[in-house]
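The values are calculated or read from the model by the stated rules, or taken from the named source; none is laboratory data. Note that the structure is a prediction, hence the values are computed from the model and not measured. Cβ atoms come from the backbone with ideal geometry, glycine included; neighbour counts cover every protein chain shown.
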Amino acid sequence: MLLVGMTAVLFATFCLPARADDDATLDEQGVAWLAKQRAKHTGMGQVIIDVAAYSGNSPCDRSRLTIGIALQGRRAQATLMGYYSSLFGTSFGGIKSLPAGIYLVDRVECEGYKIRRTINGPHARFEVREGELVNLGLLKIIYTSDNAWWDMSGKIERTVHPLPAKTVEWLTRKFPRFYRTAIYRPMTLTGPVTNAVHQQ
């Protein structure tokens with residue numbers, strides 16, 4: 001398959017989630033979309049991925065991860081958000097349509113009250129296959145500073161887990177048929193569980 005325009009596709013999320021009154025329709029659309037990719041051999045698949053970042057013992061209010069792949073001699077990237085709660089309820093931004101291939105989690109961002117950290121990777125790798133919805137699980141990262149708050153170096157502990165119960169509940173409530181088609185193939189760490197890092 002020619003990868004013309006694949007960089008643009010990487011940034012275009014297949015629009016699952018949406019308003020509550022659209023959920024049933026979107027659930028059906030998700031199932032139909034996967035069937036279409038398999039029938040027409042488009043080279044596209046879907047992922048479900050969650051992330052939970054911690055600064056010391058404190059969970060970040062919002063955790064994001066940036067994934068990347070080499071396409072046509074360039075590195076194409078996209079950012080996804082893990083499950084989070086707000087005044088407006090709960091949401092999950094870890095569903096995305098992607099070209100088939102091998103991806104890396106390039107970095108993780110931690111956002112909280114007066115805190116925003118970028119923890120550079122790569123942290124994990126995963127594979128996207130044509131016409132497949134793959135459940136990649138949860139990437140958990142705990143960042144600890146070496147010394148004081150102004151120190152720009154530290155260490156991280158990285159682990160991969162199944163999707164948390166709260167994320168599964170959100171997915172089964174919003175997209176029951178679509179989520180049931182997912183194949184569980186967890187991402188794998190690219191290095192040791194504990195590692196020294198430079199954060200921004």
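Where strands (runs of 3 or more DSSP E) fall wholly inside segment 40-140, the ranges with 3 or more residues that are under 27 Å from Ser153 (Cβ atoms) are 44-55, 62-71, 74-86, 101-112, 115-120.
Scanning segment 167-200 for residues that are loosely packed, with under 14 Cβ neighbours inside 10 Å and under 16 Å from the mean Cα position of the chain (by Cα) returns Ile183, Tyr184, Thr188.
For segment 168-200, name all the residues that are in contact with a helix residue (DSSP H, G or I) (Cβ under 6 Å, 6 or more places away or on another chain) and of a type in the set (S, T, N, Q).
Thr172
Glu169 falls short of the stated requirement of being in contact with a Ser or Thr (Cβ under 8 Å, 6 or more places away or on another chain) and of a type in the set (Asp, Glu). Just one of (1) under 19 Å from Gly56 (Cα atoms); (2) of a type outside the set (Lys, Arg); (3) touching a strand residue (DSSP E or B) at 6+ places or on another chain (Cβ under 6 Å) fails for Gly112. It is (3).
Selection of segment 56-84 for residues being without any contact (Cβ under 8 Å) to a residue 40 or more places away in the chain, in contact with a Ser or Thr (Cβ under 8 Å, 6 or more places away or on another chain) and over 20 Å from Thr188 (Cα atoms) yields only Tyr84.
Out of all the residues in segment 162-181, which are aromatic (Phe, Trp, Tyr) and part of a helix (DSSP H, G or I)?
Here is the first cut: in segment 162-181, the residues aromatic (Phe, Trp, Tyr) are 170, 175, 178-179.
Scanning segment 162-181 gives Trp170, Phe178, Tyr179.
When the residues of segment 62-84 are filtered to those that are charged (D, E, K, R) and either in contact with a Leu (Cβ under 7 Å, 6 or more places away or on another chain) or at pLDDT 90 or above (or both), the one that is nearest to Asp106 (Cα to Cα) is Arg64. When segment 99-133 is limited to residues that are of a type in the set (Val, Ile, Thr) and within 20 Å of Ala76 (Cα to Cα), the one that is surrounded by the most Cβ atoms within 10 Å (Cβ to Cβ) turns out to be Val108. When Ser153 is tested against the conditions (1) more than 30 Å from Ala35 (Cβ to Cβ); (2) of a type outside the set (Asp, Glu); (3) within 18 Å of the chain's Cα centre (by Cα); (4) surrounded by fewer than 22 Cβ atoms within 10 Å (Cβ to Cβ), the lone failure is (3).
Being surrounded by fewer than 17 Cβ atoms within 10 Å (Cβ to Cβ) and touching an Asp or Glu at 6+ places or on another chain (Cβ under 8 Å) is the filter here, so list the residues in segment 53-74 that pass it. Correct list: Asp61 only.
In segment 38-49, of all residues being surrounded by fewer than 22 Cβ atoms within 10 Å (Cβ to Cβ) and closer than 18 Å to Ala78 by Cβ, the one that is nearest to the chain's Cα centre (by Cα) corresponds to Gly43.
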